[in-house]
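Asker: Before we start, here is the structure in question, set down as structure tokens.
The values are calculated or read from the model by the stated rules, or taken from the named source; none is laboratory data. The model shown is predicted, which means the values in this text are computed figures rather than measured ones. With ideal geometry, Cβ positions are generated from the backbone for all residues, glycine too; neighbour counts draw on all protein chains shown.
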Amino acid sequence: MMMSKVRFKFRAIRRGFTLIETALASIIVGVGIVATMQLFATCTMDNRSAAQMSTAAMLANNVHEAMLGAEVTFADPGTAHGYFGPEPGESLATFDDLDDFDGASMSPPIDSLRKPIANLPEYTQVVSVWPVYPNKLSVNSNESNPDIPNKSTYTGALRVRVRILHRATPGAVPREVYRTSWVHLDN
């Protein structure tokens with residue numbers, strides 16, 4: 001009889017988890033959930049940034065297409081190369097040469113037909129135009145220290161820079177999210 005009691009003591013069957021095993025499992029699951037939440041937050045921020053970049057590239061392309069319109073020439077038809085920038089009384093709708101876009105800041109931004117895109121008020125298109133030499137396209141790449149200080153100097157080539165600014169909230173300071181430039185050569 002003594003033998004059966006001894007066997008019974010050693011044959012105890014474990015049922016369930018101990019408190020330490022449960023705590024460790026909870027910690028492991030918790031760390032996994034926190035890591036997953038951080039991954040989702042990072043992916044959401046990356047998606048937002050990619051959407052801003054895509055929109056900004058489209059807006060810069062809109063300016064490029066607006067400048068390539070058939071009615072826009074290299075120099076103003078009336079004053080030839082004598083006037084740089086928009087002529088007195090000209091507005092975005094009546095710009096007739098490339099240098100008219102110099103200093104333009106469009107908010108809400110415009111589409112390729114120069115119509116405002118009302119549902120994108122958080123974006124601004126800022127355009128700068130400078131003369132460059134056709135055989136030295138790298139000149140005037142620094143806006144704060146231009147190689148050709150007089151913008152009305154006719155060289156036969158113009159550099160156009162479009163900056164796209166974005167405001168996260170209506171009162172926020174806009175930040176640059178995209179920048180592109182290209183050169184137009186006179187025929």
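Asker: Across the stretch 89-133, which residue is farthest from VAL63 (Cα to Cα) among those that are within 23 Å of the chain's Cα centre (by Cα) and of a type in the set (D, E, K, R)?
Answerer: Checked the stretch 89-133; the qualifying residue farthest from VAL63 (Cα to Cα) is GLU122.
Asker: Another one. Please identify the pairs in which a residue from the stretch 37-53 that is in contact (Cβ under 8 Å) with a residue 12 or more places away in the chain has its Cβ atom under 8 Å from the Cβ atom of a residue that is surrounded by 10 or more Cβ atoms within 10 Å (Cβ to Cβ) and of a type outside the set (Lys, Arg), counting only partners at least 6 apart or on another chain.
Answerer: Listed pairs, sorted by first residue: GLN52/HIS166; GLN52/VAL177; MET53/VAL177; MET53/TYR178.
Asker: Here's another thing I want to ask about it. Only one of ASP111, ASP96 is surrounded by 12 or more Cβ atoms within 10 Å (Cβ to Cβ), touching a Pro at 6+ places or on another chain (Cβ under 8 Å), over 22 Å from ARG48 (Cβ atoms) and of a type in the set (Asp, Glu); which?
Answerer: Going through ASP111, ASP96 in turn, just one is surrounded by 12 or more Cβ atoms within 10 Å (Cβ to Cβ), touching a Pro at 6+ places or on another chain (Cβ under 8 Å), over 22 Å from ARG48 (Cβ atoms) and of a type in the set (Asp, Glu): ASP96.
Asker: Residues of the stretch 153-177 being in contact with a Leu (Cβ under 9 Å, 6 or more places away or on another chain), over 30 Å from ASN187 (Cα atoms) and either aromatic (Phe, Trp, Tyr) or surrounded by 12 or more Cβ atoms within 10 Å (Cβ to Cβ) (or both), which ones?
Answerer: PRO174, GLU176, VAL177, listed by residue number.
Asker: For the stretch 152-176, which residues satisfy the criterion of being assigned to a loop (DSSP other than H, G, I, E, B), within 27 Å of ASP111 (Cβ to Cβ) and either in contact with a Gly (Cβ under 9 Å, 6 or more places away or on another chain) or of a type in the set (Gly, Ala, Ser) (or both)?
Answerer: Within the stretch 152-176, ALA168, GLY171, ALA172 meet the criteria.
Asker: Taking only pairs six or more apart or across chains, which ones have beta-carbon atoms under 9 Å, a first residue in the stretch 57-83 that is over 14 Å from PRO109 (Cβ atoms) and among the small types (Gly, Ala, Ser), and a second residue that is modelled with pLDDT of 90 or more and exposed (fewer than 15 other Cβ atoms within 10 Å of the Cβ)?
Answerer: GLY69/LEU113
Asker: If you don't mind, there's one more thing I want to ask. Quick check on my filter: what residues within the stretch 118-136 are aliphatic (A, V, I, L, M), over 24 Å from GLY82 (Cβ atoms) and in contact (Cβ under 8 Å) with a residue 24 or more places away in the chain?
Answerer: Restricting attention to the stretch 118-136, the residues satisfying the condition of being aliphatic (A, V, I, L, M) are 118, 120, 126-127, 129, 132.
Narrowing further to those that are over 24 Å from GLY82 (Cβ atoms): 118, 120, 126.
Passing the criteria: LEU120, VAL126.
Asker: Let me ask something else. Could we say that LYS151 is farther than 27 Å from ALA93 by Cβ and not aromatic (Phe, Trp, Tyr) here?
Answerer: Here the answer is no, as LYS151 does not meet what is asked.
Asker: From the set of residues in the stretch 93-116 that are among the aliphatic types (A, V, I, L, M) and at pLDDT below 90, which is farthest from HIS184 (Cα to Cα)?
Answerer: ALA93
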